[in-house]
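The values are calculated or read from the model by the stated rules, or taken from the named source; none is laboratory data. Predicted model, so just to flag it, every value in this text is computed and none were measured. Glycine also receives a Cβ, built like all others from the backbone with ideal geometry; neighbour counts cover every protein chain displayed. Remember, those area values only see protein heavy atoms, side chains included, never the ligands or the DNA or RNA. Shrake-Rupley method; radii C 1.70, N 1.55, O 1.52, S 1.80 Å.
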Amino acid sequence: DLTYADGDYCSGKPCFKEHWELWFQELGLFAQSAPILPTFGNHENKTDVKFSNGETFYTRSLALPQASGSEMYYSFDYGDVHFIALDSENYKSLESGKIQYEWLKRDLQNKNKKFTVVYFHHTVFSTGEHAPIQTLQRYVVPLFDQYNVDLVISGHNHHYERTLPLTGSTGNYQTPVSVSTAVDNYTNVDGTVYVITGGAGGSLYNFSDPKPSWSQVRYKGFEYIRVDVDDAGSLTITAKDFNALHKTDLDF
């Protein structure tokens with residue numbers, strides 16, 4: 001979620017516009033030199049952050065790529081990375097045969113970069129308070145497996161979690177299979193690493209216990225991640241907490 005503007009009132013009237021204005025002010029320092037390419041969260045879809053015609057403040061305020069014919073999901077290349085932003089709030093459209101699923105499949109078939117990074121709001125494999133979306137596990141994970149997606153980044157749960165490289169399991173799509181037990185430094189693995197980075201400022205969430213074997217790192221704190229790709233062909237995720245470096249997580 002980009003803001004928590006829903007449900008807030010100023011002098012008896014909704015003031016989500018003021019919250020979004022503050023968000024843009026905060027992002028202004030970054031947006032002067034780098035594109036801001038977000039993905040749609042459930043709080044962007046609340047009734048009280050919509051205009052009278054039903055349009056969301058998100059869609060009216062942001063100019064995003066339309067590779068799919070829609071700003072709600074899109075893809076782009078940056079260096080050696082192919083990025084795909086999905087609309088997981090409309091997860092039903094990611095069922096096999098539906099419009100977003102078919103677009104995603106075509107996009108994955110046509111990618112030609114060394115790395116593929118997919119990002120969206122809801123979780124696929126996680127141990128936080130919000131349960132994973134089973135539709136994503138059942139229909140989208142097989143595409144990630146088939147077309148060698150390297151990294152999936154999500155939010156929704158307010159903390160940090162990183163999995164081992166995973167594939168969907170045969171017969172039970174809710175239980176992933178770890179293809180490596182290494183702590184980090186993965187090289188050409190046949191699996192996808194799933195990262196939850198939701199500790200951006202909202203109230204923090206707990207993890208469920210016991211910790212499953214496929215969950216490598218769990219951190220309850222305010223954090224953000226940085227993704228770097230170097231000339232040697234390595235992709236590195238660095239997770240940082242509010243004050244200092246938390247952990248250098250993986251290196252493909």
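For region 116-131, which positions are more than 15 Å from Y73 (Cβ to Cβ), in contact with a helix residue (DSSP H, G or I) (Cβ under 9 Å, 6 or more places away or on another chain) and hydrophobic (A, V, I, L, M, F, W, C)?
V124, F125
Does region 171-185 contain any residue that is part of a strand (DSSP E or B) and without any contact (Cβ under 8 Å) to a residue 40 or more places away in the chain?
Checked region 171-185: at least one residue is part of a strand (DSSP E or B) and without any contact (Cβ under 8 Å) to a residue 40 or more places away in the chain.
Can you find a residue in region 61-78 that is modelled with pLDDT under 90, outside any loop (DSSP other than H, G, I, E, B) and open to solvent by 40 Å² or more (accessible area, probe 1.4 Å)?
For region 61-78, residues modelled with pLDDT under 90, outside any loop (DSSP other than H, G, I, E, B) and open to solvent by 40 Å² or more (accessible area, probe 1.4 Å): present.
Report yes if some residue within region 176-184 is surrounded by fewer than 18 Cβ atoms within 10 Å (Cβ to Cβ) and within 29 Å of G202 (Cα to Cα); otherwise report no.
Checked region 176-184: at least one residue is surrounded by fewer than 18 Cβ atoms within 10 Å (Cβ to Cβ) and within 29 Å of G202 (Cα to Cα).
Taking T116 as the residue in question, decide whether it is open to solvent by less than 20 Å² (accessible area, probe 1.4 Å), under 30 Å from G233 (Cα atoms) and assigned to a strand (DSSP E or B).
So T116 fits the description; yes.
For residues in region 79-104 being part of a helix (DSSP H, G or I) and among the small types (G, A, S), which is surrounded by the fewest Cβ atoms within 10 Å (Cβ to Cβ)?
Result: S93.
Condition (residue is over 16 Å from the mean Cα position of the chain (by Cα) and open to solvent by less than 10 Å² (accessible area, probe 1.4 Å)) applied to region 133-141: is it met by at least one residue?
Among the residues of region 133-141, not one is over 16 Å from the mean Cα position of the chain (by Cα) and open to solvent by less than 10 Å² (accessible area, probe 1.4 Å), which makes the answer no.
Every residue in region 192-214 that is open to solvent by less than 90 Å² (accessible area, probe 1.4 Å), more than 17 Å from the chain's Cα centre (by Cα) and small (G, A, S), please.
S203, S208
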